Structures are given as C-alpha cells and as structure tokens.
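The values are calculated or read from the model by the stated rules, or taken from the named source; none is laboratory data. Note that the structure is a prediction, hence the values are computed from the model and not measured. Counting neighbours? That spans all protein chains shown, and the Cβs are built from the backbone with ideal geometry, glycine included. Please note that ligands, DNA and RNA were not included when accessible areas were found on the heavy atoms of the full protein model with its side chains. Shrake-Rupley method; radii C 1.70, N 1.55, O 1.52, S 1.80 Å.
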Amino acid sequence: MTGTTENSIGRTVPTEVRGRSVSPYAGVFATGPAGNKATPPLGSHRPSDDKVVDSIAEAIKRVDLADNMTVSFHHHLRNGDWVMNMVMEEIEKAGLKGMRLLPSAIFPCHEPMIAMAEKGVIDLIDGSLNGPLGRAASSGLFPEPTFIRSHGGRTRAVESGEAHIDVAFLAASECDPLGNANGVNGPSAFGPMGFAWIDAQYADRVVVVTDNLVPYPVTHMSIPSTHVDVVAVVPQIGDPEGIMSGTTRMTRSPSRLLIARYAVAALADSGYLKDGFSFQAGAGGISLAAVGYLHQYMKAKGIVGSFAMGGITGVVVDMLREGTLEAILDAQAFDLAAVRSVSEDPAHVEVSHYMFGNPHNKGCVTHQQDACFLGATEVDLDFNVNVNTHSDGLLLHGIGGHSDAAAGSRVSLIVIPLLRGRIPVIVDDVVTVSTPGDSVDIVATERGIAINPVRDDLVDALKGSDLPILDIGDLRKMAIEMGGGIDEPELTDEPIAYVEYRDGTMLDTIYRVK
Amino acid sequence: MLMRSRLYVPGIQPKMLAAGGVYGADIVVLDLEDSVPADRKDEARDLVSESIRSMDFGRSAVFIRVNSDRETAELDMRVLTPACAGILFPKCESVDQIRFIDTVFDRMEGEMGIDNGHFKIIPIIESALGLSKAGEIALSEDRIVAITLGVEDLSSDLGMIGPDETALLFAKSTIVAAARAAGIEPLDSVFSRVDDADGLIEACRYSKSLGFSGRGAIHPNQVETIHNAFAPDEREVERARLIVEAAEAAEAKGIGAVKVDGAMVDPPVVKRAQRTIEAASAPGSVLDLRKVEADDTGEGEE
Amino acid sequence: MPGIQNDASAGSEEKGDVSVIVGPDDDIVIEIECAPLARSRVEAAVRGIIEEHAVGSGSVRVVDRGALDPIIRARTRTALRRGGIEC
C-alpha cells in the first residue's frame with residue numbers, strides 16, 4: 001500500500017488506488033457527489049443495420065473488444081449463469097489478455113475465472129468476490145487489490161466514471177432484434193434486471209445475450225434498445241435450476257425463528273411499525289422468517305405498509321396480494337413467485353439498483369425505507385458489521401445491498417445467531433468492516449437484543465419492553481463463555497481488496513491470508 | 001415456579017442442549033430416559049452434566065428426566081448441581097420409589113451443603129398401577145411439586161385403542177384430582193403433532209378446562225403457544241388480585257383466615273392466586289399475536 | 001497413572017458435534033482435525049479432561065465439526081470411560 005490513513009471508524013485505508021486519490025470514510029452521509037456523470041460515446045442505428053449475431057465470438061468482434069478492456073455482467077442468473085463463462089471462454093479463444101471484470105456479483109459457477117486469472121486472461125475482478133474466487137483472491141490471485149462495493153456503490157462508481165465499462169454483456173431471457181430486453185419472459189426468465197440498468201446506461205458498448213429472440217417490439221423493456229449495440233443469440237443463457245439457487249429458504253430452526261420474532265417485536269416496540277411502514281429484507285433464512293412474522297403481525301394489527309424493497313421473494317409477494325403492502329419495488333427476484341408477480345401485478349414495480357441504493361442520485365429508495373433486516377458474519381462492539389470475510393479472514397461474500405440498506409433505513413436490524421458452531425458472531429473487532437456501525441441500530445440474537453447506544457430514541461422506546469435487551473458487550477461475553485472462543489486469524493499486511501463505501505470513500509482494507 | 005410449559009430436550013443431542021434455554025420455557029427437561037438409546041446412557045449423562053455446568057438456561061428451571069430403575073436413576077441424579085431444580089421420575093408406581101429418591105436427594109444435598117428439600121420431584125404416571133396410586137404418590141413427599149402423566153405408555157397399559165381425549169378423561173381427571181388434593185400442580189402430557197399449531201391451541205384449552213396448569217412441549221415452537229393458552233384471562237387475574245390482596249391484608253393484621261366476597265379462602269387457593277398473577281406477568285409470546293387478536297378483534301386465530 | 005485400555009469412541013462428525021476415538025498407546029498422543037482457528041481451544045478442552053483424570057497413556061483422535069467446549073469435554077470424558085479410564 002502506498003500511502004495510508006485512518007478513517008473515522010479507526011480502520012487503515014489507502015489514500016491512493018491505481019493512481020487515483022481516494023478519501024477515507026468519514027460518516028454515513030458525510031461525503032456527497034462531486035463533478036459530473038460519466039459520458040459514454042454517442043451511437044446510432046440505421047434502418048438497414050442488423051444488430052443480431054448468432055454467437056458470442058461474433059459479438060466480441062463487433063464491439064472491437066481488445067486487451068485490458070473492462071467487461072461487465074449482471075448476476076440475475078445467480079448460480080445458473082452461463083453467460084460470464086461463455087463470454088470469457090470466447091475472449092480467451094480470441095487471444096485477449098489483461099481483461100478487467102466488473103460483475104455485479106460472482107457465484108461458485110464462475111470458478112473457471114480462477115484459471116483465467118492464473119493464465120493472465122483476467123487481470124482483475126472488481127466489485128464483488130465470493131466463494132472460490134474470493135478464497136483465491138484471499139491467497140493473492142490478483143496482482144493488485146480489487147474494490148469491493150455494495151450494489152448501490154457499484155452504480156455510483158459507474159455513473160461517476162470511477163469504474164469505466166468498455167463492454168457490458170447483459171443476459172436477457174427475452175429480446176427483440178433491436179435489443180429491447182427483459183428477464184421476465186421466456187424459458188430462462190429470472191425477473192427484473194435491476195443490476196443491468198447502470199451497465200446499459202454507461203457502458204461504451206452493450207451486448208445483450210439472449211436465448212429467446214422474439215419479434216420487435218418486446219413490450220416489457222427492462223433494457224431499451226436505445227442503449228444496445230449487439231444482440232447475441234445463444235442456445236441457452238443459463239441453467240433454470242441454478243437460476244433460483246443460492247437464495248435461502250426461510251429458516252426452520254427454532255432458535256433462528258426466535259431471532260426473527262425478536263427482531264419484529266423490537267421493531268413493533270420501537271414505534272416504527274405502523275400504517276405506511278416500509279422495509280427491505282435480505283435473502284438470508286432469518287431475514288425471510290422475519291418478513292413472515294412481520295406479515296403476521298401487520299395483518300393482526302391491521303397495519304398496511306407502503307412498500308417493500310428487494311430482493312423479492314414469494315413471502316413479500318404474499319404481503320402485496322393480501323393487502324398488507326401497497327407496492328413492491330423490485331430490483332431482483334429470488335424465486336419464481338416474484339418473477340411471475342412482477343410481470344402480472346402493476347403494484348409490483350421493477351426498479352434498478354441505481355435507484356435502489358446509489359446515495360448520489362436524487363431519489364434513492366433505501367433513503368425512504370423504515371426498516372431493513374440484514375445478516376452478518378460478524379458484528380463488533382461498535383456495531384460494525386462484516387459480511388465479506390469470515391472469522392478466518394477469507395473473502396467469501398460480497399456486500400450485496402447491505403450497507404445501502406443500513407445507511408438509508410430509519411431502523412436497521414441485524415439478525416444473527418450468537419454463535420455459528422463455536423465461532424462467536426459478536427466479536428471485539430470485526431475482521432472486515434462491510435457496513436459501518438454508525439448505520440446499524442439493533443442487533444437481534446436468540447440470547448438477547450442489543451441497541452446501538454447512539455440511538456437514544458430506540459433505547460428509550462424499548463426501555464419498558466419485555467424483550468431481553470442487553471449490552472452488546474454482554475452478548476459478546478456470553479458468546480465466549482458458551483462457545484469457548486477461537487484464535488485470531490493469521491493475516492499478512494498485504495492488501496488484496498479495499499472495501500469502498502457506497503459514497504466512494506474507503507471503509508476498510510482486506511488483507512491476504514497467511 | 002411457573003409450570004405452564006415443560007420443554008423436553010434429548011440429552012443425547014448436543015445442539016439441542018446448547019439451545020435449550022433460549023425459548024423461555026418455564027421448565028426445561030434434559031432427558032436421559034426415553035430419547036436416549038440404552039447403550040448411550042453414559043454419553044447422554046456426560047453431555048447433560050457438562051451442559052448444566054456450562055450453558056445458560058435463562059429463565060427456565062432445569063429438571064432431568066432420570067431413568068426409572070434405581071441404579072441408573074441414582075447415577076442420573078448425581079448429574080444435578082445446586083443450579084438445577086430437580087427430576088422428573090418416570091413410570092412412577094409407588095410411594096417406595098419416591099422415598100428412595102428422597103433418600104438419595106437428602107444425601108446429595110448434605111454433600112453439596114445446600115438446603116434440605118432443595119431438589120424437587122415431578123412423578124410421571126405411566127401405568128394402571130401408577131394411576132391407581134396417584135393420590136398417595138402426590139401426597140407422599142414435600143419435594144413433589146407437580147405430577148404428570150405419560151399418555152403413550154399409560155394408554156397402552158390401560159389397553160386403550162386410539163386413544164382420544166374422551167378415553168383419556170378419567171386418567172387425566174385422576175391426575176388433576178390427585179394433584180389438587182396434595183396442593184401441587186397437575187401437568188398435562190405432551191402434544192405430539194408438532195406441525196399442528198391449531199391443534200395444540202385446542203388441546204391446551206381442553207387441558208386448562210380440566211384443571212391442568214400446563215403442558216409438555218416436544219418442540220421449541222410449541223412453547224409460546226402453550227404460554228398463551230395457559231395465560232389467565234382478565235377475569236381470572238382480577239379474582240386472583242383480590243385474593244392475594246386479602247391474604248396480604250389478613251397477614252398484616254395477624255389474622256389466619258382470609259375472606260374474599262364474604263367467603264373463606266383456603267391457603268391452596270391463595271397459592272394458586274399468587275401463581276395466576278405470576279403467570280399473568282410472565283413472558284408469553286414474543287410477538288403477543290394471540291393477545292393482539294383477543295384484544296382487537298375477538299376473531300379466530302390464523 | 002492409568003492408561004487407556006481399549007479402543008472406544010464417543011460423538012459423531014455431524015455439524016456441531018465432535019468425534020473422539022481413543023485407544024491404547026505408549027504415550028499420550030493427541031490428534032486433532034478441526035477448523036484452524038479453533039485448534040488451540042479444542043486441544044485445551046481435550047487436554048483439560050485428560051489431565052483431570054490423570055490419563056497416563058493412550059491415543060486420542062478428535063474430529064471437530066464446530067462443537068462447543070462443553071460438548072468436547074463431555075465427548076472426551078465418555079470416550080475415556082469407555083476406553084477404561086475411571087471418569
């Protein structure tokens with residue numbers, strides 16, 4: 001690391017990355033936008049132009065892909081995605097090297113990227129690293145540190161020009177010959193294309209990859225043709241079984257169900273759970289259970305919520321259908337119920353991740369919501385949350401929308417077990433800060449609930465509650481006494497990634513594992 | 001000690017032992033009997049022993065269900081620490097068995113340096129013979145704080161087919177009568193259909209109508225439902241408050257007799273009233289959904 | 001100091017549990033398979049029980065799947081008893 005400094009939460013972060021000055025994290029809304037939006041080149045389409053090609057190899061030629069360019073992908077196909085691997089295989093066959101990838105997330109099915117990085121086809125993957133690729137990155141796969149960004153933060157970086165995309169390869173389950181595309185129709189339907197919107201807006205060139213070319217015009221236009229250069233038709237964009245994989249089902253574990261009930265009860269006691277209530281839930285099993293209890297409680301009390309933002313599952317769709325919610329804002333579908341609902345119900349609205357979580361736009365959804373239920377691998381005594389690395393320091397997960405949701409919500413709740421096996425989830429200091437403690441309000445475990453002391457209003461509201469309200473330090477002690485504790489991770493002082501906060505400031509550094 | 005819920009935790013299951021105390025059950029029963037195979041009793045004893053000494057059971061009173069043969073029962077009893085409340089004694093058929101347990105407890109309490117009578121006993125009636133002796137068993141020892149029945153073994157021994165609640169009425173009423181006569185709590189058996197939440201509510205309502213103070217739970221998800229079902233209603237709480245106030249007033253004046261609404265009230269009734277008030281203020285459901293429905297709509301549950 | 005007399009085992013390799021297999025040996029030999037960060041604590045829990053019962057010799061092979069310390073202690077004690085150590 002060239003120069004370093006300490007940010008407002010005491011973490012050591014760089015002052016410069018890849019020749020660009022960066023600022024240390026200074027607070028949840030301390031850093032606003034500066035300058036103008038990025039400006040991709042103008043393009044056109046004449047009546048005689050044909051955008052359709054019958055292979056990815058042809059698409060790569062059409063967009064003049066070259067060495068060291070940055071290519072991007074969305075991850076709406078989740079662990080059933082074939083597009084990234086297909087594109088990168090063709091890039092390798094074309095003899096291209098030094099590519100930089102900017103996917104919205106990575107899944108285990110993208111493991112072939114490790115070999116590509118080892119061969120020099122891929123130079124760097126920015127934005128999100130998890131699973132096998134994260135593990136490899138933790139051992140020094142890439143020649144320089146990558147950026148880890150939240151969903152909202154990724155859109156900010158692209159719009160500001162800090163993360164430039166040369167070519168975006170966007171999978172779509174339905175597309176017409178001009179490039180109007182969506183993910184809600186077709187045999188490989190996966191739902192809204194919230195991640196893809198920013199890529200389509202700002203990439204220099206856009207390739208839509210589809211297995212379902214239909215006559216013009218497609219009427220559900222998640223991506224409008226006005227941004228599309230090439231339409232590549234392939235036999236299949238992904239494995240339908242895998243498309244809905246990687247999301248969790250609602251937990252059935254009694255102790256995790258209890259955590260979910262505690263979270264909803266704390267919310268009820270806080271006074272925020274009333275008519276007009278809005279929320280966001282993560283995809284974790286406890287979060288989904290919390291939504292289920294939320295629904296029960298709201299129905300019983302006759303509370304009608306204004307909206308839910310997601311990451312949407314059938315559990316949330318049920319709330320809309322039964323009149324407990326007035327609208328769903330959906331950037332990503334987690335199951336087929338959500339896919340069906342977004343195409344059938346006008347109150348179920350597709351939005352982009354740009355709208356969802358970019359703090360530097362003029363109408364960020366998370367800034368409107370009352371509550372969010374989020375997970376964690378670790379939470380520390382300052383309420384900082386780690387979702388990226390495990391206690392051993394291995395980079396195994398992306399941030400997702402975690403820090404976006406926590407920053408904007410009036411009450412952000414972390415729902416976690418006190419222990420995972422013997423590993424305490426509440427620690428003295430998290431290995432990696434993914435979401436800063438000044439945006440985290442309540443931590444609910446099966447043994448008790450801790451309230452961030454800076455939230456006087458919540459502390460007062462929950463004072464007379466029957467719930468087991470404890471100091472976070474007491475939860476930490478309990479975790480050690482019950483589990484026995486573990487050793488500190490063995491890390492080097494060599495950075496392999498920087499956690500960039502949603503506003504572009506540097507939140508933390510992730511180090512190579514010994 | 002409230003005894004609305006009695007959560008059984010298999011002593012052979014490490015993860016369940018670790019989580020046993022989080023559900024807020026009034027009683028947690030760490031089981032060394034039926035849920036533990038015969039060749040793994042030692043293993044369960046070791047697990048339960050370490051759990052009792054290291055794990056936090058929150059507000060739950062910790063009991064162990066010991067094995068019914070004397071030799072194994074004593075080994076099981078030796079696992080207890082002063083932090084434990086006592087044992088459930090299965091297949092109880094005689095006062096002799098209770099005397100035996102009492103003797104072992106006397107010795108243990110002496111060795112531990114704790115009050116004599118600290119450890120409590122809850123006999124489980126599981127046979128025709130036991131049922132016929134329920135009254136004398138309930139009255140036999142001060143350590144006995146409650147009595148319950150094991151429906152599966154009991155109904156088998158009685159030659160029942162099914163059985164349904166009608167068939168079990170005599171047996172259950174016998175337990176209630178034996179308990180009340182001895183001034184202890186009658187506790188109903190477990191409800192085995194874990195996924196039938198509505199069935200559990202109905203079963204608890206029925207138990208309460210027969211005079212039981214609580215039910216067994218074989219799954220943590222049942223605990224809150226049981227608490228809500230056995231929660232006293234406003235009328236009961238009001239009546240209990242009057243009784244307790246009258247008893248306190250009488251005690252302050254040094255008068256032995258307690259009168260409420262012109263009628264004499266016996267000490268067991270005062271004790272029950274105290275327990276009703278305790279139950280009214282004890283944690284019920286985390287989300288208080290049932291309370292919400294009763295307060296707001298009076299309509300049926302989901 | 002007593003030694004482990006015969007082969008014996010306790011526990012399982014299910015998540016949250018620990019498997020402890022003991023047998024006779026000339027010395028005290030402890031082998032532990034577990035998550036790297038848990039090693040020192042797992043070993044401490046196992047050694048604690050071995051020392052509590054003054055075991056003089058024997059092999060103890062532990063495969064830990066994230067068990068809490070009380071479970072590790074319990075399983076070790078059971079295995080030792082089954083292996084002929086008075087516990």
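Some points to look at:
- Unique match (being in contact with a Gly (Cβ under 6 Å, 6 or more places away or on another chain) and away from chain C (no Cβ under 14 Å)) among B:Cys84, B:Cys92: B:Cys92
- For segment B:44-60, the set of residues classified as touching a residue at least 12 places away in the same chain (Cβ under 8 Å) and crowded, with 23+ Cβ neighbours inside 10 Å consists of B:Ala44, B:Arg45, B:Leu47, B:Val48, B:Ser51, B:Ser60, listed by residue number.
- A:Ala168 being in contact with a helix residue (DSSP H, G or I) (Cβ under 7 Å, 6 or more places away or on another chain) and open to solvent by less than 10 Å² (accessible area, probe 1.4 Å): yes
- Residues being out of contact with any helix residue (DSSP H, G or I) (no Cβ under 8 Å at 6 or more places or on another chain), over 15 Å from C:Asp17 (Cα atoms), of a type in the set (Gly, Ala, Ser) and outside any loop (DSSP other than H, G, I, E, B) - total across segment B:24-56: 1
- Matching strands (runs of 3 or more DSSP E) fully within segment A:1-81 where at least 1 residues are under 25 Å from the mean Cα position of the chain (by Cα) and in contact (Cβ under 8 Å) with a residue 12 or more places away in the chain: A:12-14, A:70-73
- Among the residues of segment B:174-200, the ones that are open to solvent by 60 Å² or more (accessible area, probe 1.4 Å) and in contact with a Cys (Cβ under 9 Å, 6 or more places away or on another chain) come to 0 in all.
- Yes/no for C:Arg77 being of a type outside the set (Asp, Glu) and more than 14 Å from chain A (Cβ to nearest Cβ): yes
- Subset of segment B:61-81 that is assigned to a helix (DSSP H, G or I) and more than 14 Å from chain C (Cβ to nearest Cβ) - its residue that is most open to solvent (accessible area, probe 1.4 Å): B:Glu71
- Conditions (1) away from chain C (no Cβ under 14 Å); (2) part of a loop (DSSP other than H, G, I, E, B); (3) at pLDDT below 95; number of the one not met by A:Asp503: (3)
- Single residue of segment A:357-390 satisfying the filter (within 14 Å of another protein chain (Cβ to nearest Cβ) and open to solvent by 20 Å² or more (accessible area, probe 1.4 Å)) that is nearest to the chain's Cα centre (by Cα): A:Thr377
- Restricting C:Val55, C:Val22, C:Val29, C:Val18 to residues that are touching a residue at least 24 places away in the same chain (Cβ under 8 Å), touching a strand residue (DSSP E or B) at 6+ places or on another chain (Cβ under 8 Å) and closer than 12 Å to A:Arg422 by Cα narrows the list to C:Val18.
- The single residue among B:Ala167, B:Ala203, B:Ala171 that is in contact (Cβ under 8 Å) with a residue 40 or more places away in the chain, open to solvent by less than 50 Å² (accessible area, probe 1.4 Å) and either farther than 29 Å from B:Glu74 by Cβ or more than 14 Å from chain A (Cβ to nearest Cβ) (or both) turns out to be B:Ala171.
- The residue that is nearest to A:Gly323 (Cα to Cα), counting only those in segment A:338-354 that are buried (at least 21 other Cβ atoms within 10 Å of the Cβ) and of a type outside the set (Phe, Trp, Tyr), is A:His348.
- Filter result for the condition that a residue is more than 23 Å from B:Ser127 (Cα to Cα) and at pLDDT below 95, over B:Ala19, B:Ala61, B:Ala44, B:Ala25: B:Ala19
- Note on segment A:397-475: no enclosed strands (runs of 3 or more DSSP E) hold 1 or more residues that are surrounded by fewer than 22 Cβ atoms within 10 Å (Cβ to Cβ), without any contact (Cβ under 8 Å) to a residue 60 or more places away in the chain and over 26 Å from the mean Cα position of the chain (by Cα).
- Residue, nearest to the other protein chains (Cβ to nearest Cβ), within segment B:13-23, restricted to residues that are open to solvent by less than 20 Å² (accessible area, probe 1.4 Å) and in a loop (DSSP other than H, G, I, E, B): B:Val22
- Those residues of segment B:34-43 which are within 12 Å of chain C (Cβ to nearest Cβ) and either open to solvent by 20 Å² or more (accessible area, probe 1.4 Å) or without any contact (Cβ under 8 Å) to a residue 12 or more places away in the chain (or both), in sequence order: B:Asp39, B:Arg40, B:Lys41, B:Asp42
- Which numbered condition C:Glu52 fails, given (1) touching a helix residue (DSSP H, G or I) at 6+ places or on another chain (Cβ under 9 Å); (2) open to solvent by 30 Å² or more (accessible area, probe 1.4 Å); (3) within 14 Å of chain A (Cβ to nearest Cβ); (4) not β-branched (Val, Ile, Thr): (3)
- Flag for B:Cys92 being in contact with a strand residue (DSSP E or B) (Cβ under 8 Å, 6 or more places away or on another chain), touching a residue at least 40 places away in the same chain (Cβ under 8 Å) and within 19 Å of B:Val145 (Cβ to Cβ): yes
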